[in-house]
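No lab work stands behind these numbers, since they all come straight from the coordinates. Just so it is clear, the model here is predicted, and its values are computed rather than measured. All Cβ positions, even for glycine, are placed from backbone atoms using ideal geometry, and neighbour counts span all protein chains on display.
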Amino acid sequence: MYALTGASGQLGRLTITNLLTKIPANQIIATTRSPEKLAEFAAQGVIVRPADLNDPATLEPAFDGVTRLLIISTSEFGKQTVQNRAAIEAGLRAGASHLFYTSVPQADSDLSHWLLKEHAETENLLRDSGVAWTALRNNAYTNLLPGILKSLIDRNKLYVLGGDSRPGWISREDCARVAAAALIGGNHPTGPLEVTGPEALGLAGLTGRLSDLLREEITVQVVSGEELVTRLKAKNLPEVAAYSLVRIVDWLVNGNFSGPTDVVERIAGVKPAPVDEFLKEFAGSKDTEAFVPGAGKAS
Ligand SMILES: NC(=O)c1ccc[n+]([C@@H]2O[C@H](COP(=O)([O-])OP(=O)(O)OC[C@H]3O[C@@H](n4cnc5c(N)ncnc54)[C@H](OP(=O)(O)O)[C@@H]3O)[C@@H](O)[C@H]2O)c1
């Protein structure tokens with residue numbers, strides 16, 4: 001029996017969809033805070049159960065019968081370690097012999113980092129669990145790129161914080177393929193797996209690629225965090241969202257990323273989606289706010 005938490009989220013749904021192509025529906029236990037959102041999977045025979053990582057009493061009954069458990073991380077910073085500890089303990093009590101967890105690149109490289117800290121703490125809990133474990137260290141989602149670029153580009157200029165990190169962009173769909181394949185796969189070595197796309201590219205590097213695709217010159221302007229917040233607010237982003245995006249941008253340009261690795265091909269047996277696919281999506285939806293109309297490159 002294969003169980004997952006967070007089943008109604010985007011990654012959760014994609015993972016179930018992948019599992020359904022490989023195993024019978026009645027071997028999948030989809031746990032979520034919102035079982036009603038998974039009616040279409042329940043209709044196919046998937047076992048849907050309520051579970052809330054903030055309510056430990058819900059977890060053991062939800063995992064009843066599980067052999068391999070995938071814990072999908074939440075974005076509730078400050079609560080994640082407590083949530084994951086509850087899930088790990090309940091999974092073990094329910095009989096899980098292999099625990100999987102969606103982590104972040106190089107989770108153990110900076111224990112004071114706002115994003116890495118709780119993922120590293122969770123990996124330590126997994127290490128101490130006494131059973132096999134796999135941390136799926138999913139790199140930055142390429143799916144987020146069009147939205148990020150739209151927020152950062154203004155009149156053919158990318159406003160960004162200084163830093164030369166190069167994330168190994170991976171699509172959420174490829175992360176789900178890896179999660180499903182790992183969950184039902186053979187014996188993976190215990191430990192972390194750096195799950196990346198096919199190439200590592202910084203935001204500034206992506207801009208050059210985008211310029212070529214658009215036939216428009218996009219230049220890069222490095223600004224301070226405060227200036228970026230001001231610019232984002234001027235683009236009608238609420239203050240909280242602006243600060244949160246700046247934190248993400250700081251991670252993208254200064255974070256510790258691995259890659260590229262061959263994990264997608266090795267575990268899921270497919271080639272990961274190229275970054276250009278998502279740049280083309282952005283290029284296809286270019287709007288007048290981000291670009292100066294008619295400023296195309298001479299051909
Ligand atoms: N690599 C990246 O670039 C990147 C980017 C964004 C997020 N992430 C991480 O990857 C995770 C999955 O991504 P996604 O795109 O599927 O996110 P999403 O669509 O926003 O889904 C959020 C997930 O969090 C779960 N969740 C929240 N609070 C919970 C609670 N109290 N108990 C149990 N589950 C809870 C939700 O489960 P239910 O609603 O079904 O209960 C859902 O699966 C995120 O939660 C985040 O930790 C990674």
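Taking 23 Å as the cut-off for C-alpha to C-alpha distance, list the pairs among 79/117; 157/233; 150/233; 79/150; 157/235; 22/271 that go past it.
Over 23 Å apart, Cα to Cα: 79/150.
Calculate log10 I(q)/I(0) of the chain for q = 0.07, 0.09, 0.10 Å⁻¹, where I(q) comes from the Debye formula with a single equal point scatterer on each Cα and nothing for solvent.
With no solvent term, the Cα-only Debye profile gives -0.29, -0.48, -0.58.
Less than 15 Å Cβ to Cβ from residue 269, Lys/Arg counted +1 and Asp/Glu -1: what total charge do the surrounding residues give?
Values: positive: 22, 177, 266, 271; negative: 173, 174, 262, 265.
Its environment carries a net charge of 0.
Residues with amide H under 5 Å of residue 98's amide H, sequence separation 5 or more or different chain, H placed in the peptide plane at 1.01 Å from N; which?
When sequence neighbours closer than 5 places are left aside, the close amide H contacts are 69.
Which cross-chain or sequence-distant (5 or more) residues have an amide H under 5 Å from the amide H of residue 158, H modelled 1.01 Å from N in plane?
Sorted by chain and number, the residues that satisfy this are 219, 220, 221.
Give the range of the longest stretch in the chain that excludes all GluC sites (Glu not before Pro) found in loop regions by DSSP and having at most 12 other beta-carbon atoms within 10 Å.
Answer - 77-288.
Applying the Karplus parametrisation 6.51 cos²θ - 1.76 cosθ + 1.60 with θ = phi - 60° to the phi angles of region 120-126, what ³J(HN,Hα) value in whole Hz is obtained for each residue in order, glycine and proline being reported as x?
Calculated HN-Hα couplings, in order: 5, 4, 5, 4, 5, 5, 5 Hz.
Determine the percent antiparallel among the DSSP beta bridges restricted to region 2-138, to the nearest 5.
On the way: 0 of 20 bridges.
Restricted to region 2-138, the bridges split so that about 0 percent are antiparallel.
Kindly write out, for region 146-156 in residue order, the coupling ³J(HN,Hα) from the Karplus curve 6.51 cos²θ - 1.76 cosθ + 1.60 (θ = phi - 60°), rounded to whole Hz, with x marking Gly and Pro.
Computed from phi, the couplings for region 146-156 are x, x, 5, 5, 4, 6, 8, 8, 9, 6, 6 Hz.
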